[in-house]
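The values are calculated or read from the model by the stated rules, or taken from the named source; none is laboratory data. Treat the numbers as computed from the prediction; the structure is a model and nothing was measured. Here the Cβ positions follow ideal geometry from the backbone for every residue, glycine too, while neighbour counts run over all protein chains shown.
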Amino acid sequence: MNKLNSFVAIALLAITFTACKKSKEEPIIVAPPSDGSTLTMEGKTDASNYANIVFVDFSADKATKADRKSWNLALTSDSKFKVVLNASYQTTAVVTNKTDINTVTIGDPGTTVNLNHDILDPNTISLADSWDGDITKTAIRDEISVTDASNKVFLLSYEGNKERDKWFKIKVTRSGTGYKVQYAKLGETVIKTLDVPKDSRFNLTFVSLENNKIVSVEPEKTNWDISWSYSTYNSGLGSPYWVQDFISLNTLSGVSAVQVLTATKTYAAFAEADIAALTFSSAKDVIGTKWRTAPSQTGVGGGVKTDSFYVVKDSNGNIYKLKFNSYISGDGGERGKPVIEYKLVKKG
């Protein structure tokens, strides 16, 4: 019996040693960045040609979509405490002169500013976040203060012009390392409260005031490079207006890009040796709507521009060249389902 017990003990020891040795020798596998692909961004639904925001991660050949109307505002997850508006939902906002949300009413809103948009009024530029992605140029300009009494109530409108009683009144304060959001429709007296924690895996935490909850919108901050959506942009008159097919960079995670004219270098010929001559920009609208021509008001024409392409550096230092193949019937594509092509030029 003693011999049998000894044999079992030795066998178990050998198995344990082998298992431990095997686990120590197993390498940690890190997937290399994609060499490139062709991808369709699914922004379209049966209800609309621009229902979704579509986020693209070149290194993973992955597209993630989210309902653009699923959120009203977002709060930064870094060391700052900033409020970001939903540029894809025709959102405007203004800070009032009041700090007590209960005293903000339709009859006494604390501001004379009209949130309903007028493209001919250049002052409306202050009602929207800057389309270049500069976090210091948001409609709610000041960072949320650690001092509660310093944080003023702001008003928010969305999805086009509407009656004032449909606007939200909102007060955001700090709560520990996160936020507390108090809000109600301007015509209501019952104030709702939502605690919003920060999550360092993401650029932003997204809040739906309409549905009283935190929602998932963007992928983790290192898991996307560009997005396609309906968005706020420059009217050319000093005021914001809303456009389809807007390409945003993941500016908050350090993604940058530059346009290259095909007269200088073709997409096919562009190689690693050409990167040194480029000057990258982290402005969110480097690509914007510059990659396409718009159709007429009757929907005729429009197409991707063939005289240029883009070079994008992701947050891990991988550099891709990017071109747009189609987006509308005028170029053989489908509105709301743009097709892109990208190729790894240099691994980070």
**Item:** Residue tally, condition closer than 18 Å to L322 by Cα and touching an Asp or Glu at 6+ places or on another chain (Cβ under 8 Å), over the stretch 34-63
**Value:** 12
**Message:** If I ask for residues that are of a type in the set (A, V, I, L, M) and either in the same structural domain as L252 (by TED's automatic domain parsing) or part of a strand (DSSP E or B) (or both), which ones from the stretch 72-103 would you list?
**Reply:** L73, A74, L75, V83, V84, L85, A93, V94, V95
**Request:** Taking only the stretch 12-51 into account, find how many residues are at pLDDT below 95, small (G, A, S) and surrounded by 10 or more Cβ atoms within 10 Å (Cβ to Cβ).
**Result:** 2
**Request:** Using the structure shown, decide if T173 is surrounded by fewer than 21 Cβ atoms within 10 Å (Cβ to Cβ), at pLDDT 95 or above, closer than 28 Å to G43 by Cβ and in contact with a helix residue (DSSP H, G or I) (Cβ under 8 Å, 6 or more places away or on another chain).
**Result:** no
**Item:** Selected residue [among the aromatic types (F, W, Y), closer than 30 Å to Y50 by Cα, within 17 Å of the chain's Cα centre (by Cα) and assigned by TED's automatic domain parsing to the domain that holds Q90] from F202, F168, F154
**Value:** F202
**Asked** Got a sec? Which strands (runs of 3 or more DSSP E) wholly within the stretch 169-214 have at least 3 residues that are in contact with a strand residue (DSSP E or B) (Cβ under 8 Å, 6 or more places away or on another chain) and closer than 23 Å to T251 by Cα?
**Response** 204-208
**Request:** Pull up the stretch 294-316, narrow it to residues that are among the β-branched types (V, I, T) and surrounded by 14 or more Cβ atoms within 10 Å (Cβ to Cβ), then point me to the one that is nearest to G333 (Cα to Cα).
**Result:** V304
**Fill in**
Of (1) in contact with a helix residue (DSSP H, G or I) (Cβ under 7 Å, 6 or more places away or on another chain); (2) more than 30 Å from Q297 (Cα to Cα); (3) in contact (Cβ under 8 Å) with a residue 12 or more places away in the chain, K198 satisfies every one except (1)
**Prompt:** In the stretch 266-293, which residue that is surrounded by 16 or more Cβ atoms within 10 Å (Cβ to Cβ) and charged (D, E, K, R) is nearest to G333 (Cα to Cα)?
**Reply:** R292
**Fill in**
Quick count over the stretch 267-287, residues being assigned to a helix (DSSP H, G or I) and either among the β-branched types (V, I, T) or at pLDDT below 95 (or both), is 1
**Prompt:** Within the stretch 79-87, is there a residue that is modelled with pLDDT of 95 or more, surrounded by 13 or more Cβ atoms within 10 Å (Cβ to Cβ) and of a type in the set (S, T, Y)?
**Reply:** no
**Message:** Could you check the stretch 179-193 and list, in sequence order, the residues that are surrounded by fewer than 16 Cβ atoms within 10 Å (Cβ to Cβ) and not charged (D, E, K, R)?
**Reply:** G187, T189, V190, I191, T193
**Request:** State yes or no: is S216 free of Cβ contacts under 8 Å to residues at least 60 places away in the same chain, surrounded by fewer than 16 Cβ atoms within 10 Å (Cβ to Cβ) and of a type in the set (S, T, Y)?
**Result:** no
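Can you pull out the residues in the stretch 234-265 that are loosely packed, with under 13 Cβ neighbours inside 10 Å and of a type in the set (G, A, S)?
Result: G236, A263.
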**Message:** So, I135, is that one surrounded by fewer than 20 Cβ atoms within 10 Å (Cβ to Cβ), touching a Pro at 6+ places or on another chain (Cβ under 8 Å), touching a residue at least 40 places away in the same chain (Cβ under 8 Å) and within 24 Å of S235 (Cα to Cα) or not?
**Reply:** no
**Message:** So for the stretch 55-65 (the condition being over 22 Å from the mean Cα position of the chain (by Cα), modelled with pLDDT of 95 or more, surrounded by 22 or more Cβ atoms within 10 Å (Cβ to Cβ) and not in a strand (DSSP E or B)), does at least one residue qualify?
**Reply:** no
